[in-house]
Amino acid sequence: MSDHCETVCEIVSAVTTGHTTATAVLEERLRRIATSDEKLGCFQDTREDTARAMAAAVDAKIAAGEAVGPLAGVPIAFKDNIMVTGEPATCGSRILENFISPYDATVTERLRDAGAVLLGRTRCDEFAMGSSTEHCAFGPVRNPWDPDRVPGGSSGGSAAAVAAGFVPCSLGSDTGGSIRQPAAFCGITGLKPTGGRVSRWGLVSFAPSMDQIGPFTRTAEDAALLLQVMAGQDPRDDTSASTDQVGGVAALQAPLEGLRIGIPTEHISDENDHGVNAAVQQAADVFRSLGCEVKPVRLKTTDLGIACYYVLGPAEASSNLARFDGIRYGRRADDSGDGLEALYAASRSEGLGPEARRRIMLGTYVLSAGYYDAYYKRALQVRRLIHDEYARIYSEVDLLLGPTVPSVAFKFGSHADPISMYLCDKYTVTANIAGTCGVSIPCGTIDTDGVALPVGVQLQGPVLGEDILLRAAHQFQCATDFHTAQPTLA
Ligand code: GLN
């Protein structure tokens, strides 16, 4: 009996055909976590007993010849901003340290029903604000390829947990790149679905017009399977798309001949790290060899993305985070007896870290009566330009290709200036602003200070274009083996 399966599809096939058991798969992953997570810090919390009970339930069903779901026996980790009944959801914040989720997120429910084994929750930047996990109140996560470097963020714990082999898949949330950027830094596959494709019910909101839950996996095939389980309209999220289900794994096979892929010239910038542009060109050659027509295109709004995102994101965040006041939600400061306002201020000052506070202040400012027109309204107008340019470009090409991030994973502390950190999201934020989909897949490594660090290529697709996006990513992975590289854990 072999219990060594790396991908979701391998695990499902081995568990359902009796080559291994859900329990054996889980125990192997728990051993890896016990050996190496102390150094990496991916997990905020593991739930070994409930995971063991879930795995045993899958095994019992299989032994009894009962039907099991499409993710039978697959261990999965959740970013710590997604609700699981009875478990904390700290969002990487002291203010929610003692919060216990009273209900399951829709994705949690759907994954449970599919037979997945919920193994634990992973660390992230506070309220998903950040690109490195350095803004997590409980400590940062280390990159499994080089522990002196960040795993990316904000969903860094979920990405690093897959890269380290602790779980075959995990969930993150992506508001401006928080799935794709850490997937690139950790050398794995990370999918940001179309806005509305996956229900946000039970995801703690950061900027709901851009937030989307999505999977981290080793392969695009696994991402297709997870998306199929999670996607679909949800009456509890009235922004969820009322459309047919995605095609899943069955939709990945059709040849790519004739597919039109555009490379935005604005994304092949001299400011990118040496090696990133070359890796993208090599990926383009792979797509050409698969019969795609790859050509340069212009995406002139690229440079507007960061400014637009860092007005809209904080504006929405300042409003959403207003509920964490120590009274309605969140840890309450000691009452100084100076009244309610003082209690709010003390609770929020104690409970929220510097980046969350910065965004709340920025968001409140851009929404204030005197500045609304100059900043928030202007950003909405820019959003329209970006949206329209994306709509036009997808009438000319089927997909876009470019770097996910301008650089490889950086060292802790190297982006102390918030603006330099924000610029990591240059190529990812526009898909959130436009509400389109994107995936980051590994496309090679760059030797940096003697360490081979992964580079990610981003494929972007139109609204509800996940089938074609994942088909291209899957066939790239069938033709290359970048996605099979794994770090050696110290
Ligand atoms: N790094 C971006 C930010 O700090 C993106 C975050 C995200 O996608 N959740 O806002």
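For the chain, what relative contact order do you get, as a whole percent, if you take Cα pairs closer than 8 Å and at least 6 residues apart?
17 percent
Can you figure out the FRET efficiency of Ala53 with Val451, using R₀ = 41 Å and their beta-carbon distance, to the nearest 0.05?
Details: r = 40 Å, r/R0 = 0.97.
Step by step, r from the Cβ atoms, then E = 0.55.
Would you calculate the separation in nanometres between label points at Thr17 and Glu350, each defined as 7 Å from the Cα along the Cα-to-beta-carbon direction?
It works out to 5.8 nm between the two label points.
Leaving out ligands, DNA and RNA, what percent of the accessible area of the chain is carbon and sulfur, probe 1.4 Å?
On the chain, the fraction of accessible area on carbon and sulfur atoms equals 53 percent.
What does the charge dipole of segment 375-490 about its Cα centre add up to, to the nearest 20 debye, if the Cβ of each Lys and Arg holds +1 and the Cβ of each Asp and Glu holds -1? Please list the in-between numbers first.
Working: 8 positive and 11 negative charges, 101 e Å.
The calculated dipole for segment 375-490 is roughly 480 debye.
Report ³J(HN,Hα) in whole Hz for each residue of segment 171-176, in order, from the Karplus equation J = 6.51 cos²θ - 1.76 cosθ + 1.60 where θ = phi - 60°; Gly and Pro get x.
10, x, 10, 10, 9, x
How many nm separate the modelled label positions at Ser319 and Glu271, each set 7 Å beyond the Cα in the direction of the Cβ?
So the label points at Ser319 and Glu271 sit 2.9 nm apart.
At 222 nm, what value in deg cm²/dmol follows for the chain if DSSP H runs of at least 4 each add -39500 (n - 2.57) and the sum is divided by all its residues, to the nearest 500?
Calculated mean residue ellipticity at 222 nm is -11000 deg cm²/dmol.
Just going by the charge dipole of the chain, with Lys and Arg at +1 and Asp and Glu at -1 on Cβ, which of Ile360, Ala473, Thr445 is farthest out on the positive end?
Value: Ile360.
For a quick protection proxy, order the peptides 233-239, 124-130 by their average other-Cβ count within 10 Å, most packed first.
124-130, 233-239
What's the FRET efficiency of Tyr103 with Asp335 using the Cβ-Cβ distance as r and R₀ = 41 Å, to the nearest 0.05?
For Tyr103 and Asp335, the calculated efficiency is 0.90.
How long is the gain from Ala251 to Asp481 if the chain were fully straight, where each residue apart is worth 0.36 nm and the alpha carbon distance is subtracted?
Extending this stretch completely gives an extra 80.7 nm.
How large is ³J(HN,Hα), in whole Hz, for each residue of segment 321-334 in order, when computed from phi with the Karplus curve 6.51 cos²θ - 1.76 cosθ + 1.60 and θ = phi - 60°, using x for Gly and Pro?
7, 4, 6, 8, 10, x, 10, 6, 9, x, 4, 9, 6, 4
For segment 305-358 and segment 2-57, what is the centre-to-centre distance using only Cα atoms, to the nearest Å?
37 Å
Using a simple spin-label model with points 7 Å from Cα along the Cα→Cβ vector, what separation in nm is obtained for Ala64 and Thr488?
A separation of 4.7 nm, rounded to one decimal place.
Give the residues of segment 417-448 whose amide nitrogen is closer than 14 Å to a point set 7 Å from the Cα of Asp303 in the direction of its Cβ.
Label zone hits: none.
Give me a comma-separated list of calculated 3J(HN,Hα) values for segment 10-17, in order, Karplus coefficients 6.51, -1.76, 1.60 applied at θ = phi - 60°, integers in Hz, x for any Gly or Pro.
Using θ = phi - 60°, the values come out as 5, 5, 4, 5, 5, 6, 6, 9 Hz.
Determine the sum of side-chain charges near Glu271: Lys and Arg each +1, Asp and Glu each -1, restricted to other residues whose C-beta is under 15 angstrom from that of Glu271.
Values: positive: Lys426; negative: Glu266, Asp270, Asp273, Asp303, Asp425.
Result for the neighbourhood of Glu271: -4.
Computed on alpha carbon atoms, what radius of gyration and Dmax characterise the chain, expressed in Å?
Considering the chain through its Cα atoms, Rg and Dmax are 21.3, 71 Å.
Give Lys300/Lys426; Lys300/Lys377; Lys39/Lys411 a once-over and call out the pairs whose C-alpha atoms are over 18 Å from each other.
With Cα atoms farther than 18 Å apart: Lys300/Lys377.
So how compact is segment 17-89: Cα radius of gyration and Dmax in angstrom?
Just the Cα atoms of segment 17-89 yield Rg and Dmax of 13.6, 41 Å.
Explain nothing, just the number: dipole magnitude of segment 206-330 about its Cα centre with +1 on each Lys and Arg Cβ and -1 on each Asp and Glu Cβ, in debye rounded to the nearest 20.
80 debye
Give me the 1.4 Å probe accessible area per residue for the chain, excluding ligands and nucleic acids, in Å². Before the final figure, lay out each step's value.
Numbers: 17850 Å² over 490 residues.
Solvent-accessible surface per residue comes out at 36 Å².
The values are calculated or read from the model by the stated rules, or taken from the named source; none is laboratory data. As the structure is a prediction and not an experimental result, all values here were calculated from the model. Backbone-built Cβ (ideal geometry, glycine too); neighbour counts: all protein chains shown. For the accessible areas, the whole protein counts, side chains as well, though only heavy atoms, and no ligand, DNA or RNA atoms are used. Shrake-Rupley method; radii C 1.70, N 1.55, O 1.52, S 1.80 Å.
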